[in-house]
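Read through the structure below, which is laid out as structure tokens, and then see the notes.
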Amino acid sequence: MWRLRLIIDDGDPYYQMALDEAMLLLRSAGVIPDTLRLYVFNPSAATIGYFQSLSRSINKEFILENKIPVTRRITGGGSVYHDARGEITYAVIAGLERVPRDILESYRFITMGVIYAARSLGANADYVPLNDGVIDGKKFSGQAQTRKRNTLLQHGTFMYNTDLDMLAKILRAPKKKLRDKGVSSIRERVTTVSEAVGRRVSREEAVEALIHGFSKALDAELVPGKLTSIELELAKTLRWKYMSWKWIELRP
Amino acid sequence: MVETIVKSMKVPGGKLLEIQLDYDPNECRVVKLYITGDYFAYPPEKIDEAEKSIESRPLALDLLDIVRDKLSYTTLYGVTVDNIVELLREAIEEAMEKCRQ
């Protein structure tokens, strides 16, 4: 049976993105084992996709005024609000021999972890290719994946109780995109597991559900482990990149 | 002096694509190209290379071939190379038009 190291973690957004990149690099060098990391952005923060324009994907004035940190991911995809009290991010770092080689298939394979997690909490969740987890047509989870040599990093969100009004103030989506999704505002397009099941799901419940969901989706044993010093060292160095405006404004 | 043109489209069933072309209207040259949106590219560096490939070149439609070439071994999800080239064509044509005035 596939065994993955399980890391549960909490930290600032620059550290979180730096650690994901560090783990991708170190796994591709064969230095660390396949890992599932479940983590919280603390404080709450926004991230944008590698190819996104900062000014067109985020309400920059609002986040500066409200001191909400933002950084750019190494993965593609869209802008995200990571609510410290309502969202858990997962990251799967794994050798390609354990996941479907086909990119579309690998998205499905890993995303089913959040789908099973939401279902186990009573929500009517489904996977919608390429990278959405939806409940009754509304998005509660987004994923983004990149690959380096023989290794895959997929990270994604699990909105169990995100402040969606806050999310709608922070993220920007052009009218063209919303219209194509059949909605007129971001708020209409998103939901949380709590909203869907009509009760407040706690962080502990969400973490438990994700552990259960990913064991099932990956058909793996998740073994609680610790970060190695080499991961922490590399993440500490890479953190400078994620803090720099040069990186954040790579595509202004 | 730098002027900016942004062209965007939502690819049906796909992602958002924006082409931002920064150009110098006096010299009729590209200053910078940004191929932005919420799409995915494997490997991602190919997009960086495509953006850089036409930097500081004179505005002309043959720039489209350079960008197309750079993206020939890139796997894209949510947008296609044709989408990128088509939007870039619109941006370059508009920039050339403004340049002549």
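Within region B:56-75, does at least one residue satisfy the condition of being in contact with a strand residue (DSSP E or B) (Cβ under 8 Å, 6 or more places away or on another chain), among the small types (Gly, Ala, Ser) and in contact (Cβ under 8 Å) with a residue 12 or more places away in the chain? Yes. Region A:122-225 holds helices (runs of 4 or more DSSP H) entirely within its bounds, and those carrying 3 or more residues that are at pLDDT below 95 map to A:175-180, A:186-189. When the residues of region A:173-192 are filtered to those that are in contact with a helix residue (DSSP H, G or I) (Cβ under 8 Å, 6 or more places away or on another chain) and within 11 Å of another protein chain (Cβ to nearest Cβ), which remaining residue is surrounded by the most Cβ atoms within 10 Å (Cβ to Cβ)? Among them, the one singled out is A:ALA173. The residue list A:ARG85, A:ARG5, A:ARG56 contains one member that is among the basic types (Lys, Arg), more than 14 Å from chain B (Cβ to nearest Cβ), in contact with a strand residue (DSSP E or B) (Cβ under 9 Å, 6 or more places away or on another chain) and farther than 20 Å from A:THR228 by Cβ, which is A:ARG85. Which residues, counting only those in region A:137-174, are of a type in the set (D, E, K, R) and farther than 17 Å from A:ARG73 by Cα? Those that are of a type in the set (D, E, K, R) and farther than 17 Å from A:ARG73 by Cα: A:LYS138, A:LYS139, A:ARG149, A:ASP163, A:ASP165, A:LYS169.
Quick check: anything in region B:56-63 within 22 Å of B:VAL11 (Cβ to Cβ), within 14 Å of chain A (Cβ to nearest Cβ) and surrounded by 15 or more Cβ atoms within 10 Å (Cβ to Cβ)? No, the conditions are met nowhere in region B:56-63. Filtered by the rule that a residue be part of a loop (DSSP other than H, G, I, E, B) and within 12 Å of another protein chain (Cβ to nearest Cβ), region A:59-82 gives A:ARG73, A:ILE74, A:THR75, A:GLY76, A:GLY77, A:GLY78, A:SER79.
Here B:GLU18, B:GLU51, B:GLU94, B:GLU90 are screened, and the one residue that is in a helix (DSSP H, G or I) and within 9 Å of another protein chain (Cβ to nearest Cβ) is B:GLU51.
Just to be sure I understand, how many residues within region B:64-80 are surrounded by 15 or more Cβ atoms within 10 Å (Cβ to Cβ) and either of a type outside the set (S, T, N, Q) or more than 19 Å from A:GLN52 (Cα to Cα) (or both)? Residues meeting the conditions: 9. Looking for something in contact with a helix residue (DSSP H, G or I) (Cβ under 7 Å, 6 or more places away or on another chain), more than 10 Å from every other protein chain (Cβ to nearest Cβ) and of a type in the set (S, T, N, Q) - is there at least one such residue anywhere in region B:24-40? Scanning region B:24-40 turns up no residue that is in contact with a helix residue (DSSP H, G or I) (Cβ under 7 Å, 6 or more places away or on another chain), more than 10 Å from every other protein chain (Cβ to nearest Cβ) and of a type in the set (S, T, N, Q).
The values are calculated or read from the model by the stated rules, or taken from the named source; none is laboratory data. Since this is a predicted model, take the numbers as computed values, not measurements. We place every Cβ from the backbone using ideal geometry, glycine too, and count neighbours over all the protein chains shown.
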